[in-house]
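A short reminder: the numbers here are calculations on the coordinates, not readings from a lab. Note that the coordinates shown come from a computational prediction; the quantities given were computed from them, not determined experimentally. Methodologically, a virtual Cβ is constructed for each residue, glycine included, from the backbone with ideal geometry; neighbour enumeration extends over all protein chains shown.
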Amino acid sequence: MTQVRSIGRKPFIKSKKSRVFKSSFFKNYLAVAGGIVLAIIVLLAVFAPLFAPYEPNAQDLSMSLHSASSEHIFGTDKQGRDIFSRVLFGARTTLLGAVLVVGISSVIGVPLGLIAGYYGGRIDNLITRIFDVILAFPALLLAFIIVAVFGKGLENAVIALGIVYIPMIARLVRSVTLVEKEQTYVEAAKNLGFSNFRIIFRHILPNCVSPIVVQATIDLAYAILDLAAMSFLGLGVQPPTADWGAMLEEGREYLLISPNTALASGFAIMITVISFNLFGDGLQQHFDPKQRKV
């Protein structure tokens, strides 16, 4: 009997997937532009000490509320701190906080969604009812309550938003799992005697990766907005730490006199959120065959 070897077919499959990705995703110019802008923002945040001309918290009261100049390209705030430097270092705080929010929600929400969708019945009802209770409250209001109970600060704000975001990712994973568990490969795995744990996390989970990645990308944009809102209200990042939301609050009082602080941080939030949304839409179109541009 001739043995069929599939090893030689793997490079062809990989190259085919690569060509499909290039022909679909890279034809979406808005998504590509969003990805490039995000890459630049991340690089500026990571290497902020190299690009920032001043220390973010260095004060010079003699330069208070100065407009843009060759020395301070974005001007200075009320304490004479360089706004451009604070925007760069604030990107670190803002992006890291958003990544932690999505990380917390994914680490908890993905397993819960898999378990609820796979087992169904009472387990599914219990988990979904808990999600319904969380979703019954406005996201920011529930986050405010949690922070009010445990105290102000970036850590508590991140944890609060991470809890609030759990139902969104979990409900998505649950819906995908409900479809995947009816597939033939799951039935074959059961017949081979595989454990439920292996079926869930080694067979179903890989098929949920695409929607999870898309949802996580979009959630990052929402997390940036929500963290900025909490810092603006004084519940998130506390002074003098550089943060885009906190900079908005600091510049609010001087909008008519020197709007540099508020405009710089607000523009940074706007560009980052739009870039995440464009990049996420591009990924969604790529992973969805009905929307794919070939």
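Taking the C-alpha atoms only, the angle from helix 154-180 to the longest principal axis of the chain is near 20 degrees.
Only helices enter the 222 nm calculation for the chain: every DSSP H run of n ≥ 4 contributes -39,500 (n - 2.57), and dividing by all residues gives -23000 deg cm²/dmol, rounded to 500.
Counting only alpha carbon atoms, the long axis of helix 209-232 and the longest principal axis of the chain meet at about 20°.
Remind me, relative contact order of region 74-287 in percent, using alpha carbon pairs under 8 angstrom and six or more residues apart? Normalised by residue count, the contact order of region 74-287 is 29 percent.
In terms of the Cα gyration tensor, with a ≥ b ≥ c the square roots of its eigenvalues, is region 74-287 rounded because a/c is under 1.5, prolate because a/b exceeds b/c, or oblate? It would help to have the intermediate numbers written out before the result.
Details: a/c = 3.38, a/b = 2.23, b/c = 1.52.
In terms of gyration-tensor shape, prolate.
To the nearest ten degrees, helix 83-119 and the longest principal axis of the Cα atoms of the chain are 20 degrees apart. Sorting Asp77, Asp281 by the number of Cβ atoms found within 10 Å of their own Cβ, with the fewest placed first, yields Asp281, Asp77.
Judged by the gyration tensor of its Cα atoms, with axes a ≥ b ≥ c, region 107-213 is prolate; a/c meets the 1.5 cut and a/b is the larger of a/b and b/c.
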